[in-house]
Amino acid sequence: MDTNRDARDGDGGGNLHPLHTPAATVPDQIDIIAVHGLNGHYLNTWTATETAAKRRFSLWRGGAEVESTSTLWLRDLLPQKLPNAHVLSFEYDATAFGNKSAFGVRENSMALLAAVRDMREDHGDQARPIIFIGHSLGGIVIKQALTFATHSETKWKGIVESTKGVVFFGTPHRGADAARWGHTIADIVSTATHRPPATFLKTLETNSAQLLQISEDFRPSVDRYAIASFYEQHAHPALGTVVVDKLSALLWLPNEEANMMSGDHSAMCKFAKGDRRFDRVWRTIKRVSRGRE
């Protein structure tokens, strides 16, 4: 769950937003597609904000002024390491409380497939390798999308054949107890606002039937992909525990690259300039881009 959601940008309507496009002359181009999680945002989920207090002498105002610097690593850092990558971020309505959308994982995964197909048709290159990056619920949406694409005879065939792998950040493959806490809050908000609670919360509860079914459906096709999973090291400050524990954050596959990531559930996918954690992340994405080896 990302508690720093900001809905000022975008409309939450299942859109792909380009963050970096390499020049046409750059060889061996790839598509990197990021999908945010519960209560996330297509920009803010991946943005680290640093604040610094600076003293400035003034005749009319004294004290310290606080300045903030934001780094959207998908746009500001990743292209420096992978200049051949088209980097895009998928936007969908994943608000936890007061969500007006009646749609859940299934519908948003279909929207993701449609957006990827349209983007690749517009660019005229439907053979570029694809790497998906998912934070929390975003990883579940990606798994469901790839399952749909695999079972489609022709409609999404190009996406399946081009996908090299997936990088998961704190994805609750087996659910998370924190979702039960969130669902209780959502019920209260729902009663006060007369809006139904987000369907995502019920899905993300530990051992929910839908979540287990999504994982079961994904398993027969997972061997075709390179898989890397990051699990959170630190407790969420409001909960006093990790949101998604290691048991749930890993698929426990022989070919899976498992990594512990410093930070809580929200901070684990936010990297500022000079953040040493980013070095491991971009190298992981590069390895995944080569596919199953």
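For a quick protection proxy, order the peptides 112-124, 81-93 by their average other-Cβ count within 10 Å, most packed first.
The peptides rank, most packed first, as 81-93, 112-124.
For the range 225-287, what Kirkwood radius comes out of the mean inverse Cα-Cα distance, in Å?
12.5
Amide H of residue 258 versus every other amide H placed in the peptide plane: which residues, excluding those fewer than 5 positions away on the same chain, fall under 5 Å?
229
Which of the residue pairs 143/273; 202/273; 246/270; 143/286; 81/164 have a Cα-Cα distance greater than 26 Å in the structure shown?
In this structure, 143/273; 202/273 exceed 26 Å between Cα atoms.
Quick one: which residues, 5+ away or cross-chain, put their amide H under 5 Å from the amide H of residue 38? H built at 1.01 Å from N.
Excluding prolines and chain starts, which carry no amide H, the hits are 2, 137, 138.
Please list, ordered by chain and number, the residues whose modelled amide H lies under 5 Å from the amide H of residue 85; skip anything fewer than 5 residues away on the same chain.
When sequence neighbours closer than 5 places are left aside, the close amide H contacts are 30.
Where does each of 214-224, 269-279 land if you order them by average Cβ count within 10 Å, highest first?
Those peptides, ordered most packed to least, come out 269-279, 214-224.
Coordinate-derived values only; no laboratory data. Quick caveat: nothing in here was measured; it's all calculated off a predicted structure. As a convention, Cβ positions derive from the backbone with ideal geometry for all residues, glycine included, and neighbour counts pool all protein chains shown.
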